[in-house]
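A.B. asks: Handing you this structure, nothing more for now.
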Amino acid sequence: MTQTEQSSQDVKLSCRHLWKVYGENPKQFFSNGATTKEDREKIYARMLETSHIGAACDVSFDVHVSEIFVIMGLSGSGKSTVVRCLSRLVEPTVGEVLFDNIDLLKVSENELIDMRRHKMGMVFQNFGLLPHQTVLENVAFPLRVQGTSKAKRNQRAREMIELVGLQGREHAFPRELSGGQQQRVGIARSLAVEPEVWFLDEPFSALDPLIRRQMQDEFLRLQKMLHKTIVFITHDFLEALRVADRIAIMKEGEVVQIGTPADVVMRPADAYVTEFTKDVPRVKVIKVEDFMRPPAEGLSESAAISGDTTLEELLPRLAKSAGPVAVSNGAQVIGQVTAQDVVTALASAETGDTAGS
Amino acid sequence: MNTIPTDIDAQPNRFGLPADAAAWLAVGVIMVVTLALRGQHAWLINYPKEWVIPVADWVNVFMAWFIEAFRWLFRAMSWLISWPMEAIRITLQWLPWSATISVIVTVAYIAGGWRLALFSALALFYMVVVGYWPESVATLSLVAMSVPLSLCLGLFVGIAAFTWRSVDRVVQPTLDLMQTFPTFAYLIPILFLFGFGPVVGLIASAIYAAPPMVRNVILGLQRVAPEIIESGQMSGTNSRQLLWLVRIPSAMPTIMIGVNQTIMAALSMVIIASVIGSSADIGWEVLSMMRKALFGQSFLAGIVIALLAMVMDRISRELAHRGPVDHDAQASWLTRYRYLVIAIGAGVGFVVLAQFFPALGAYPKEWTFYPAEQLNQGVNYVIREYGSTLDAIKNNTLFYFLLPVRVGLENTVKPFTWGFDLTSTFIAFYAAGVALAAVLAGWQWNWRASVVVIILGLIYYYGTNGIPWAAFIAMTVVLAYQVGGWQTGLLALLGFGFILTTGTWVPAMRSVYLCGAAVLISFIGGSALGVWAARSDRVSAFLRPINDTLQTMPLFVFLIPVIMFFQVGDFPALLAIIMYAIVPAIRYTEHGIRSIPAHIVEAARAQGCTKRQILWNVQLPLALPEIMMGLNQTIMFGMAMLVVAALVGTKGLGQAVYLALNTGNVGEGFIAGMSMALIAMIADRITQAWSSQKKAELGL
Ligand SMILES: Nc1ncnc2c1ncn2[C@@H]1O[C@H](COP(=O)(O)OP(=O)(O)O)[C@@H](O)[C@H]1O
Ligand SMILES: [Mg+2]
């Protein structure tokens, strides 16, 4: 009933048994077809012997329409490699990447360029702006390479610049902007062609903490308007929790867990994940939809809250109201929560945590 | 802080000697045996003519055939190129000087503001006032034509080398060779193929000036941040768009450095090409005045070259530094193109004005200020007054330094020079002195230092001329092998083998002697100045503009002052080479010392080191790799100047190239040029390898 579950049929982008191996002769490990779990161990051992690096190892996941899918992991765990495989900036060694059920690895160079021109947008950690172009030209660049007329692309670029709040700086050059402003340009550029899938590779990691926070809010605001299908990379667990619908956690090229923020925090798959979740305040992660119960008859809809309200936001509401609080999806009441539910949820989260570690 | 080299491969062999020490011992044995036998066997010193491989003849035969077969093609090209060249020349010569100057000054203003505009105006006005405007314009038009050719050539070769590894594998060694190949030697085949005429200078400079562009294009393209390329790809660029809209514009700052270097190289080559005397340009003016011993005149013309170089360098450098400018679409056409309008307006304005005021078109002869005679009188006065001092400097350098290095003490010490005969007592004292120095060096540093002292002692006694070729080759090959591995050793062996077997050993040693002597002085003097500049901001600020200027000067210019005071011969050549080659020694030393992290020096100071101790024990050892790169560049600069120094009558490979140019002997020119390039390359590899070895030892 949440967004994720509603759209679980509509897979926008997925990868299946994706491998990217760096080294002399990466294909050698995959000469005899499928890669089962046992094969995997053998392959690792042989890669080590022959000094190959497995940047992405047997990665599989689905990204649903309008979902923010976050890939989280320490530096060097293969996040950038995976996201680049999804757009074929990096050619995977083996595996499948399905974009709208088309195998991206089989399309021709021209088709790929066409898909990048119309269906994909990407934001980079260090912005990747063209130093010789103004803000306006940078934002209009993806349209320019498609052959859009100057008047049209400039108009569109101005809209995008306004969207990210940079109006007035159209004629500045990247070197004249602060980091946060440069990344706004990067965001505007990546949205100029109205992509269906939006890749963001550590978009805020190069920014100061305060600016980062502000940019995250901005990003969530944009997504509320645009409903893009998003793959968002970060090494910052709290950032992942803030923005994610679902999180994939990577470690040394492998995906170790995929789940909602609450899943990951309350049921970490292994000690590695537990380590991340240790210091995370539960009230910031657990959402109403994670523990609400079916609504009682005649529950007033007027003061209803939405399913993605966190406990932190819920508590003052509960304090004010005597009875249960209604949960609504905007159209109708879909559940209710009481103070007792909250306490139970928090208690189980703690035990879950202990069980995990 | 004498870091003891930790050679892994210095395994003691069965004589209990490390392998590299054994190699030097073998060199010593060869040296002693060949020196002992040279009396009976003259071939140990003079490689016999009968053994010479006639490569030069083969090249000539090939060239004769090649020219016969393809002359029409090259003549057609020459004819084609001569049209736009003539068009530019005639236009520039027709334009009133006032119009040309106003356009250039406008460009200077756009590039660097008022100061540069003023400097350019004064510099160009000097050319008008002394009456060298037509010659300056002739040079300018050649440069204006060759630079675009060079840039296009460089850009496309650079892109090709960046794109295809196979092209790169051909381009890199070609660039290395071109950079060390003597300038005059370029002219010979071009002269043959394209025929006598100004086109030769044009094509020679277009080819000669392309390598810096190629290098910077490759470097710039390689350095574009991967994220910028990825962002271009994600914007949906195809490969052509990615190259022209993303890679090349992003690489522009580096490419513009290449443009600056290409312009300077083109000017330098246009000037050098004037030795063939096919164009009435400023280089020819300097040269013909020099040949007539009219030094005041050649000095005035030389200043024109220097000023041209400075104006071109400053303008192109400033343009390179200027970032992109936004043409605000709201602004009117006039404001957007205001500079273009001003430039054209001023140009056209002066053309019109010149119709009414002819002085603005052709500067009147009566108004010229040409103080050549006064200059000559001044020089004569100095020579009259200080002649004995100048002679003393010259003779002392000759008798105590240059001659011994060339023919050895054994042929130098005579009553006429040193005031006494070469007695066995003197020889014994000399040998004892060298031995003592070797022992001291070994005690202070290590046995390698002793080897260096002994070799220097031997060279000073026997001269580069008197060292048997086998011993010299053995020495170089062992050095090359130990510093740079077997590839460098092989290069040294093949290189000197080529020089020996093609019969250019004697002139080659003559070049090694003069260049070596100049490099030694430049390096010691330059490093000392560099140390001083590193420790004093005032000295640094004083030296910087001088270095900048010296480095942009076309090589010709250096000959003028030395020839004024010292006429011709090895001594003025030595001075000219030093003036040019000292610059990198100063620069690299200063940079090396200044870029040592401050905390290391502070730590040394905290431990109570004196300034002198810090210099010798901390700064110099840490800056050594950089200082070695300075030595490398000093050698390269010295070799480049050596060729030009042939014009003041030095003997050696430079002279051989110059002679071949005059007699049109392609084969001889090729052999001499190649020999020079090989020596330069070997020296380059050895010093580079040494520098990176030291760097590795220091863990940098
Ligand atoms: N071009 C390459 N060649 C060799 N190894 C690479 C290359 N790119 C990435 N790697 C290696 O792959 C691993 C994953 O890198 P990356 O995907 O950039 O990690 P992350 O983005 O999570 O920091 C790292 O160990 C990195 O060293
Ligand atoms: Mg990354």
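A.B. asks: For the range A:238-257, which residues satisfy the criterion of being under 12 Å from the mean Cα position of the chain (by Cα) and within 16 Å of ligand 1 (Cβ to nearest atom)?
C.D. replies: Selection gives A:Glu239, A:Ala240, A:Ile247, A:Ala248, A:Ile249.
Matching residues to (1) more than 31 Å from the chain's Cα centre (by Cα); (2) free of Cβ contacts under 8 Å to residues at least 24 places away in the same chain; (3) not in a loop (DSSP other than H, G, I, E, B):
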position: B:Ser278; (1), (2), (3): no, no, no
position: B:Ala293; (1), (2), (3): no, yes, no
position: B:Ala346; (1), (2), (3): yes, no, yes
position: B:Val352; (1), (2), (3): yes, yes, yes
position: B:Glu373; (1), (2), (3): yes, no, yes
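A.B. asks: Next question. State the number of residues belonging to the range B:214-233 that are within 12 Å of chain A (Cβ to nearest Cβ), hydrophobic (A, V, I, L, M, F, W, C) and in a helix (DSSP H, G or I).
C.D. replies: Going through the range B:214-233 one residue at a time, the tally reaches 2.
A.B. asks: From B:Glu366, B:Glu285, which residue is touching a Phe, Trp or Tyr at 6+ places or on another chain (Cβ under 9 Å) and acidic (Asp, Glu)?
C.D. replies: Just a single option satisfies the conditions, and that option is B:Glu285.
A.B. asks: If you take just the strands (runs of 3 or more DSSP E) that sit entirely in the range A:250-357, which of them hold at least 3 residues that are surrounded by fewer than 19 Cβ atoms within 10 Å (Cβ to Cβ)?
C.D. replies: A:254-259
A.B. asks: State yes or no: is A:Ser8 within 16 Å of ligand 2 (Cβ to nearest atom), at pLDDT below 95 and assigned to a loop (DSSP other than H, G, I, E, B)?
C.D. replies: no
A.B. asks: Let me ask another. Just wondering, is there one or more residues in the range A:202-224 that are in contact with a His (Cβ under 7 Å, 6 or more places away or on another chain) and either away from ligand 1 (no atom under 16 Å from the Cβ) or charged (D, E, K, R) (or both)?
C.D. replies: yes
A.B. asks: Show the residue pairs meeting these rules: Cβ distance below 6 Å; 6+ apart or different chains; first residue within the range A:115-128 and farther than 11 Å from A:Ser190 by Cβ; second residue within 13 Å of ligand 2 (Cβ to nearest atom) and in a helix (DSSP H, G or I).
C.D. replies: Close Cβ pairs satisfying both conditions: A:Asn126/B:Glu227.
A.B. asks: Something else about it: Within the range A:66-90, can you find the residues that are within 12 Å of ligand 2 (Cβ to nearest atom) and of a type in the set (Val, Ile, Thr)?
C.D. replies: Selection gives A:Ile71, A:Thr81, A:Val82, A:Val83, A:Val90.
A.B. asks: Check whether at least one residue in the range A:171-180 is over 21 Å from the mean Cα position of the chain (by Cα), surrounded by 19 or more Cβ atoms within 10 Å (Cβ to Cβ), more than 16 Å from ligand 2 (Cβ to nearest atom) and within 9 Å of chain B (Cβ to nearest Cβ), and report yes or no.
C.D. replies: yes
A.B. asks: For A:Ile233, which of the numbered conditions (1) at pLDDT 95 or above; (2) more than 16 Å from ligand 1 (Cβ to nearest atom); (3) within 30 Å of A:Ile258 (Cα to Cα); (4) touching a Lys or Arg at 6+ places or on another chain (Cβ under 9 Å) fails to hold?
C.D. replies: (2)
A.B. asks: Would you point out the residue of the range A:111-149, among those that are at the interface with chain B (Cβ under 9 Å from one of its Cβ atoms) and more than 20 Å from A:Trp198 (Cα to Cα), that is surrounded by the fewest Cβ atoms within 10 Å (Cβ to Cβ)?
C.D. replies: A:Pro131
A.B. asks: Go through (1) within 13 Å of another protein chain (Cβ to nearest Cβ); (2) within 15 Å of ligand 2 (Cβ to nearest atom) one by one and return the number of the condition A:Leu191 breaks.
C.D. replies: (2)
A.B. asks: Going residue by residue through the range A:83-90, is there one that turns out to be within 16 Å of ligand 1 (Cβ to nearest atom), in contact with an Asp or Glu (Cβ under 7 Å, 6 or more places away or on another chain) and not in a loop (DSSP other than H, G, I, E, B)?
C.D. replies: Yes, because at least one residue in the range A:83-90 is within 16 Å of ligand 1 (Cβ to nearest atom), in contact with an Asp or Glu (Cβ under 7 Å, 6 or more places away or on another chain) and not in a loop (DSSP other than H, G, I, E, B).
Let's see how each residue does on (1) touching a Leu at 6+ places or on another chain (Cβ under 9 Å); (2) at pLDDT below 90; (3) surrounded by 13 or more Cβ atoms within 10 Å (Cβ to Cβ):
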site	(1), (2), (3)
B:Glu50	no, yes, no
B:Ile81	yes, yes, yes
B:Pro96	yes, no, yes
B:Ala99	yes, no, yes
B:Val105	yes, no, yes
B:Leu118	no, no, yes
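A.B. asks: Taking only pairs six or more apart or across chains, which ones have beta-carbon atoms under 6 Å, a first residue in the range A:79-91 that is under 20 Å from A:Glu111 (Cβ atoms) and facing chain B (nearest Cβ under 9 Å), and a second residue that is within 14 Å of ligand 2 (Cβ to nearest atom) and of a type in the set (D, E, K, R)?
C.D. replies: Final answer for the pair search is A:Leu89/B:Glu230.
A.B. asks: Filter the range A:98-110 down to residues that are crowded, with 20+ Cβ neighbours inside 10 Å and either touching a residue at least 60 places away in the same chain (Cβ under 8 Å) or within 12 Å of chain B (Cβ to nearest Cβ) (or both), then give me how many there are.
C.D. replies: Number of matching residues: 1.
A.B. asks: Please verify whether B:Val341 is part of a helix (DSSP H, G or I), more than 39 Å from the chain's Cα centre (by Cα) and surrounded by 13 or more Cβ atoms within 10 Å (Cβ to Cβ), treating the condition exactly as stated.
C.D. replies: yes
So that you can scan it fast, the table gives a plain yes or no per residue for (1) in a loop (DSSP other than H, G, I, E, B); (2) in contact with a Lys or Arg (Cβ under 6 Å, 6 or more places away or on another chain); (3) at pLDDT below 85; (4) among the aromatic types (Phe, Trp, Tyr):
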site: A:Thr35; (1), (2), (3), (4): yes, no, yes, no
site: A:Gly54; (1), (2), (3), (4): no, no, no, no
site: A:Ser75; (1), (2), (3), (4): yes, no, no, no
site: A:Thr81; (1), (2), (3), (4): no, yes, no, no
site: A:Pro92; (1), (2), (3), (4): yes, yes, no, no
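A.B. asks: Output yes when any residue across the range A:205-226 is within 11 Å of chain B (Cβ to nearest Cβ) and surrounded by 18 or more Cβ atoms within 10 Å (Cβ to Cβ), and no when none is.
C.D. replies: no
A.B. asks: Among the residues of the range A:226-243 satisfying the criterion of being among the aliphatic types (A, V, I, L, M) and over 23 Å from A:Ala192 (Cα atoms), which is nearest to ligand 2 (Cβ to nearest atom)?
C.D. replies: It comes out as A:Ala240.
A.B. asks: Being within 11 Å of chain A (Cβ to nearest Cβ), β-branched (Val, Ile, Thr) and surrounded by fewer than 24 Cβ atoms within 10 Å (Cβ to Cβ) is the filter here, so list the residues in the range B:234-264 that pass it.
C.D. replies: B:Ile248
A.B. asks: Within the group A:Leu166, A:Leu136, which residue is among the hydrophobic types (A, V, I, L, M, F, W, C), without any contact (Cβ under 8 Å) to a residue 40 or more places away in the chain, in a loop (DSSP other than H, G, I, E, B) and more than 30 Å from A:Thr93 (Cα to Cα)?
C.D. replies: So the residue among A:Leu166, A:Leu136 that is among the hydrophobic types (A, V, I, L, M, F, W, C), without any contact (Cβ under 8 Å) to a residue 40 or more places away in the chain, in a loop (DSSP other than H, G, I, E, B) and more than 30 Å from A:Thr93 (Cα to Cα) is A:Leu166.
Matching residues to (1) without any contact (Cβ under 8 Å) to a residue 40 or more places away in the chain; (2) of a type outside the set (A, V, I, L, M); (3) closer than 23 Å to B:Ser675 by Cα:
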{"residue": "B:Pro173", "(1), (2), (3)": "yes, yes, yes"}
{"residue": "B:Thr183", "(1), (2), (3)": "no, yes, yes"}
{"residue": "B:Gly195", "(1), (2), (3)": "no, yes, no"}
{"residue": "B:Pro198", "(1), (2), (3)": "no, yes, no"}
{"residue": "B:Ile203", "(1), (2), (3)": "no, no, no"}
{"residue": "B:Ala209", "(1), (2), (3)": "no, no, yes"}
{"residue": "B:Met213", "(1), (2), (3)": "no, no, no"}
{"residue": "B:Ala225", "(1), (2), (3)": "yes, no, no"}
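A.B. asks: Of (1) in a helix (DSSP H, G or I); (2) without any contact (Cβ under 8 Å) to a residue 40 or more places away in the chain, A:Val185 satisfies all except one. Which?
C.D. replies: (2)
A.B. asks: Return the only residue of B:Val143, B:Val103 being outside the structural domain of B:Ala309 (by TED's automatic domain parsing), closer than 25 Å to B:Ala280 by Cβ, among the hydrophobic types (A, V, I, L, M, F, W, C) and part of a helix (DSSP H, G or I).
C.D. replies: B:Val103
The values are calculated or read from the model by the stated rules, or taken from the named source; none is laboratory data. If you're wondering where the values come from, they're calculated on a predicted model, not measured in any experiment. Note that we place each Cβ from the backbone using ideal geometry, even for glycine, and neighbour counts take in every protein chain shown.
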